[in-house]
Amino acid sequence: MNIAELDQALASHELFSNIENMHATFQWVRRNDPLHWTDAPDHPPFWAVTKHADVIEVGKHPDVFVAEPKTFLLNDEESRIRAEETAATGGKMVRTMIHMDGTDHRKYRGLTQAWFMPASIKRLDAVIRERASDLVTQMLERDGRCDFYNDIAVWYPLRIIMGLLNVPESDHAYLLHLTQQFLAPKDETLRREGSEGQGKGAVAKEYFAYFGKLLADRRSRPQTEDLDSSIAHAQVDGQPLGLMEAVSYYVILATAGHDTTSSSMGSGLYYLLRNPAEQERLRAGPELMPTAVEEMFRFASPVKHFVRTATQDFELRGKTIRAGQELALMYHSANFDEEVFEDPLRFKLDRSPNRQIAFGYGVHACLGQNLARASMRAFFSELLARTEWLELDGEPNFISTNQVGGLKTLPVRYASARMAA
Ligand code: HEM
């Protein structure tokens, strides 16, 4: 691969749909030019940050590397459409804590931080376990075969987060569909029909309409301790949240809160199935679950990148990042960095320490990581306790996205512990 091809690959979504190729590409970049100035045709140039240490270094300087004005890479066409949409709506269409910096970010994140701390998540244990049990039951009712990703994985975290927001179950499928379109705008089967870039704007409008109604409803009722009600009645600087900020709050929780965990479940199971000895080890030793789940997050790294923009010149890995330049934090690459992970391509249930950064690093580090951990541990405990064996039933497909994603299909076969007995 020459440099022009490399730049094109790093700016593309397709890189992530072929796992072997993706690993080979990032391995080459980490070894030869780990902070790579990527200048692809029809794409604004950016620094590809591929090393674990550099992603952390950037995360340590939130005043220098800011989330405004862009969180994901956009090509020239998408940038043009974004500018038009912004002009047409008189500002941004969505403004979540992920888009904010400094004190604004602190204030908005602070509104629900306590909700997602380990002690609060502990209180959800019974609900999480019940959802896990329901989904495993559904799986076992299926005659020993399913597409694990679409039949099971997409529903489990969705049920949990939508339950926290008191969204009726009849609307879950619709919101799932919107999230998939939003986070894989270029994937051939998932993206919104019509012009690719416009698809994303149209999806955002639908989210806005849905959660705008939910907000009005919650505001018309007295406040409760539920998450949806807390957001509707929250105040910043003594004022209720603006319409855009309140709706965006629901949107970020509703989107960030399930696709990521589903992808981790899919990848987690996929790598367990590709490593039957590890599957057996985990079935026989459930005390390995916490480290196993960290390894699943590392292999999944469902958030492929986030963008930061430099506010001033900064020296990183012997190069000068100039004020105004963009950086793409390549989380997937960082999680396979040979300098941090011994034998990084080996799926090791008891990897310790495991300094995976699938949840990011710094002030924007994932708010929902305790929920994601609890959900994964509950699900895999239930699944392994209630099955005798599980194996691949064909080759899986991966989503073509450089934003958030992983598996698109995962055909599996299995026997329930009861059936085999
Ligand atoms: C395996 C599951 C998950 C992964 C891998 C993941 C990953 C991430 C990453 C990498 C970020 C950092 C974004 C940045 O650097 O700008 C992030 C932020 C965030 N995540 Fe997650 N996430 C997961 C699950 C969840 C869940 C379950 C929730 C909520 C219920 C959630 C809510 C959020 C929110 C609100 C932010 C924004 C935090 C901020 O900007 O301060 N995530 N997540």
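The values are calculated or read from the model by the stated rules, or taken from the named source; none is laboratory data. For clarity, every value in this text was computed on a predicted model and none was experimentally measured. Note that we place each Cβ from the backbone using ideal geometry, even for glycine, and neighbour counts take in every protein chain shown. Just the protein is used for accessible areas: all its heavy atoms, side chains included, with ligands, DNA and RNA removed. Shrake-Rupley method; radii C 1.70, N 1.55, O 1.52, S 1.80 Å.
At a 1.4 Å probe radius, carbon and sulfur cover how many percent of the accessible area of region 3-420? Can you show the working numbers first?
Working: 8890 of 17540 Å².
The C+S portion of the solvent-accessible surface of region 3-420 is 51 percent.
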Worksheet item: How much accessible surface does LYS107 have with a 1.4 Å probe, in Å² rounded to 10?
Response: 80 Å²
Worksheet item: Where the centre of each part is set by its Cα atoms, how far does region 380-405 sit from region 121-182, in angstrom?
Response: 14 Å
Discussion item. Projecting each Cα onto the charge dipole of region 225-290 (Lys/Arg +1, Asp/Glu -1 at the beta carbon, about the Cα centre), which of GLY238, THR255, ALA284 comes out farthest on the positive side?
Written reply: ALA284
Item to complete: Please work out how much length the chain gains when fully extended from ARG355 to ASN18, using 0.36 nm per residue of separation minus the C-alpha to C-alpha distance, in nm with one decimal.
Response: 118.9 nm
Fill in: Two-site label geometry, ASP226 and SER79: point separation in nm, points 7 Å out along Cα→Cβ
4.4 nm
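Order of 344-354, 268-278 by packing, highest average Cβ count within 10 Å first? Walk me through the numbers before you get to the answer.
Working: 344-354: 15.4, 268-278: 19.0.
Going from most to least packed, we get 268-278, 344-354.
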Item to complete: Pull out a ≥ b ≥ c, the square roots of the eigenvalues of the alpha-carbon gyration tensor of region 1-93, then state rounded if a/c is under 1.5, prolate if not and a/b is larger than b/c, and oblate in the remaining case.
Response: oblate
Response to the item:
Once all protein chains are kept in place, MET289 shows an accessible area at probe 1.4 Å, nearest 10 Å², of 10 Å²
Fill in: Entries of LYS51/LYS122; LYS60/LYS304; LYS122/LYS205; LYS51/LYS304; LYS60/LYS205 with Cα pairs more than 24 Å apart
LYS51/LYS122; LYS122/LYS205; LYS60/LYS205
Worksheet item: Could the peptides 232-241, 322-331 be put in order, highest first, of the mean number of other beta-carbon atoms found within 10 Å of their residues?
Response: 322-331, 232-241
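Pull out a ≥ b ≥ c, the square roots of the eigenvalues of the alpha-carbon gyration tensor of the chain, then state rounded if a/c is under 1.5, prolate if not and a/b is larger than b/c, and oblate in the remaining case.
Taking the square roots of the gyration eigenvalues as a ≥ b ≥ c, the chain is oblate.
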Worksheet, complete the sentence: For ASN397, other-chain or 5+-apart residues with amide H closer than 5 Å (H placed, Pro excluded) are LYS408, THR409
Worksheet item: Just from its helices, what would the mean residue ellipticity at 222 nm be for the chain, if runs of 4 or more DSSP H residues each count -39500 (n - 2.57) and the sum is divided by every residue, rounded to the nearest 500 deg cm²/dmol?
Response: -15000 deg cm²/dmol
Fill in: Rounded Å value of the spacing that divides the Cα centres of region 226-240 and region 241-314
27 Å
Worksheet item: For the pair ALA87 and ALA114, how long in nm is the line joining their label points, each one 7 Å along Cα→Cβ?
Response: 4.6 nm
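With a 1.4 Å probe and all protein chains left in place, how much accessible area per residue does the chain have, in Å²?
Per-residue accessible area for the chain comes out at 42 Å².
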Practice prompt. Please list, in chain and number order, the residues 5+ apart from THR38 or on another chain whose amide H is under 5 Å from its amide H, with Hs placed from the backbone.
Written response: PHE46, TRP47, ALA48
Item to complete: Give me the distance in nm between label points sitting 7 Å out from Cα along the Cα-to-Cβ direction at ALA415 and SER170, one decimal.
Response: 4.3 nm
Worksheet, complete the sentence: The ³J(HN,Hα) series, computed from each phi in region 222-235 with the Karplus coefficients 6.51, -1.76 and 1.60 at θ = phi - 60°, rounded to the nearest Hz and given as x for glycine or proline, is x, 5, 10, 8, 5, 4, 4, 6, 4, 5, 4, 9, 5, 10
Practice prompt. Would you mind telling me which residue in ALA87, ALA292, ALA358 has the biggest mean-square fluctuation in a Gaussian network model of the chain, where springs connect alpha carbons within a distance under 10 angstrom?
Written response: ALA87
Worksheet entry | Check: region 74-167 dipole with +1 on Lys, Arg Cβ and -1 on Asp, Glu Cβ, in debye | 580 debye
